[in-house]
Each structure stands twice: as C-alpha cells, then as structure tokens.
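A short worksheet on the structure shown next.
The values are calculated or read from the model by the stated rules, or taken from the named source; none is laboratory data. All values reported here derive from a predicted model rather than from experimental measurement. Neighbour counts run over all protein chains shown; Cβ positions are idealised from the backbone, glycine included. Accessible surface areas use protein heavy atoms only, side chains included; no ligands, DNA or RNA. Shrake-Rupley method; radii C 1.70, N 1.55, O 1.52, S 1.80 Å.
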Amino acid sequence: MRRAIVAPAGPGLAELAPDQRVRRLELTVTRRLNGLLHGQYRGLLPGPGSEPSGSREYRPGEDEVRRMDWAVTARTAVPHVRQVDADRELTTWLLVDGSASMEFGTAELDKRELAVAAVAAVGFLTAGVGNRLGAQVLRADGVRRFEARSGRTHLLALLRTLLAAPRPTAPGGRPGWGAAGPPDLADGLDALHRIANRRGLVVVVSDFLDGLPDDPGQPAPWERTLRRLAARHQVLAIEVTDPRELELPDVGLITLMDPETGRRREVCTSDRRLRERYAQAAAAQRDQIHGSLRRSGATHLPLRTDGDWCADIVRHVRTQRRLAAAPVGPARGGVA
C-alpha cells in the first residue's frame, strides 16, 4: 500500500505556464549539468556497450561472469573480463510514475515536478546525434507511450505531456484513482522489457511504493521485472521522496490520507512516541526499497523535494565515473 500525507505543493514550477516550466527546466539543465556526460560515456551510467576495447582483471562482486575473457584468463592465469566502449548511438527508455502518491510535496517542488525535472535532466544530457529517447508514463487515465525518437522537439513534447497530465482524483475530488485503479509499476516495467529490444539505458522515475508488502523481508513486486531489465540494459532507478514521508513534524493534530483510496485518519503529532514509530516505519520501508533496487542490479539515485536535485545528479555521475575509472586492485564489495 502506498502511504503518503496529502498536502498542497509548494511554490515552484506549478506557478508557471507549461511552456515557461519547460524552458526553465531546459535552462537549468544546460547551465548546471551540460558537459558532464560528454566524452567516453554517452549515458548517465558508464557501462557496457558493443565495441571491444581490451581486457582488465575481474572484480568479484562487480563484474558479470558472462563478460569473462577466457583467452586472456588462460594466457595470464588471472581472471579477466572484456572491456567495451559505450555505443555511439544510445537508446534511452524512461518509465515515469504518475500515480497518486507522486502528487505529494511539502518543499519547493512536489514529487511529480521533481520527477519531470529528472526526466528533463536525462533527456537533455543523453541527447546527441543518433541518440533516441522513448518513454512510458503511468497516468491516471492509463499508460501513455512515446516511441523512441531523437531530437529536441520530441523531448520537449514529452516534458509538456508530463506537466499537463491529468492528476488522479478519487470520488469527492480527493487525490486518488478511478474505478479502474492505478497502472501497476511492475506491469509498466514488464511492458518496457518487451519493447526495449536493443541494449541501452533504462531510467525508472518513481517513489517505488507500489505494492510494497507489509513484511519488510519480502521483495517488492516489481523487483523481479527490474532484475530482468538490468540483465540486458544499464538501469538507473531514480527514487523520488519528500521529507514528510520520512518523519512527522510536531505540529499538533493533522490528517493523514491514503492517496490511492482516499481513506483519512487524524493523528496527534505532539506524541513523541508516535513520531518515533513513524520515523522507524518509514526508515524500514526505505530500506526495503533500497534492498530491492540493490538486488535487482539497478543503480540507485535518490532525489528529495527539499534538496538540490542538480547537485545530487552531479554527485551521482561523478561517483559512477570515478568507480568506472578506478584502477584494478584488491577485490571490492558491490556498490549499492
């Protein structure tokens, strides 16, 4: 079950007209992030391509056994893996969660606006000659599909659609879904797996709250499908969160609401023990999500509505490049 507190979004992109919001996103990306992904790597993640470029020693916990270079291993008696350069033409596939829990925000941006900002960053920074971008958007009225195409016009059309998408409403005008229910994240991933035939970059933008079991030891329902995608593609999971989903403020009596069903419950946040239990439950939920992402093989990029999302993306890209360029040394553990 998705759990979130419904509150009006703060000031930000929502105050601007759609074309102005798209223009602001484009300027932000080009001024603060442009140039970070130029050079050897064409995507947000340095990783496998198709052009051979030599071999290096095998790193347990990081390298896939199927990439073993058996000829070099036999010649040197030391396990080696094949290295490849990133493809010159990159196809990026996006799965964007537009469900009811993404309509929440207590900071400068709400989660939906932050998701659009992440899509803008991915789109503008992976754009290049021959590079293509396709998307599937989980919306209140079903799944909206965008064929993989190249060009700035295609990207701007995708961003305008995301910003203008209808917001899910339940009976009484409250956030939620209609009788058909929300599109399922696992189903969206499965559909993406069927159409993304060529190796490329898959970016999933969501809060990953969809269908989480109450038992923290159980895997998320979308974990298996995400693992299947990661076996073929580079997968980047962008997790969008809001600070009020992690802890409750001491503000007295408030109303909590399930954004999927519209059910409400009043709680008194002056109770310290209640706030502590909420924070513990929220931390356990996030650990559950992070564990599922780690086991699936996806690279994890957390973004918060109260943070500097540009700086977070910069740090992520630099970390991934540093790991990819690290000299061969003693065996290291996996990177979460």
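Below is a table of values for the structure above.
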| item | result |
| --- | --- |
| Whole-number accessible area per residue in Å² for region 270-321, which is evaluated in the context of all protein chains at 1.4 Å | 52 |
| Interchain or long-range residues, amide H under 5 Å from Val202's placed H | Trp93, Gln234, Val235, Leu236 |
| Summed side-chain charge close to Asp271 - residues other than Asp271 whose Cβ falls under 10 Å, Lys, Arg +1, Asp, Glu -1 | +2 |
| R0 of 41 Å, Cβ-Cβ distance Asp63-Arg23: FRET efficiency to nearest 0.05 | 0.45 |
| Note, ³J(HN,Hα) from phi for region 94-111, Karplus 6.51, -1.76, 1.60, rounded to Hz, x at Gly and Pro | 10, 10, 10, 7, x, 6, 4, 5, 7, 8, 10, x, 10, 10, 5, 10, 8, 5 |
| Net charge, Thr161 excluded, C-beta distance under 10 Å - Lys, Arg +1, Asp, Glu -1 | +3 |
| GluC sites (Glu not before Pro) within region 60-143: DSSP coil, no more than 12 neighbouring Cβ in 10 Å | Glu64 |
| Most positive-pole-ward Cα, Trp222, Leu248, Ser206, against dipole of region 194-278 from beta carbon charges | Trp222 |
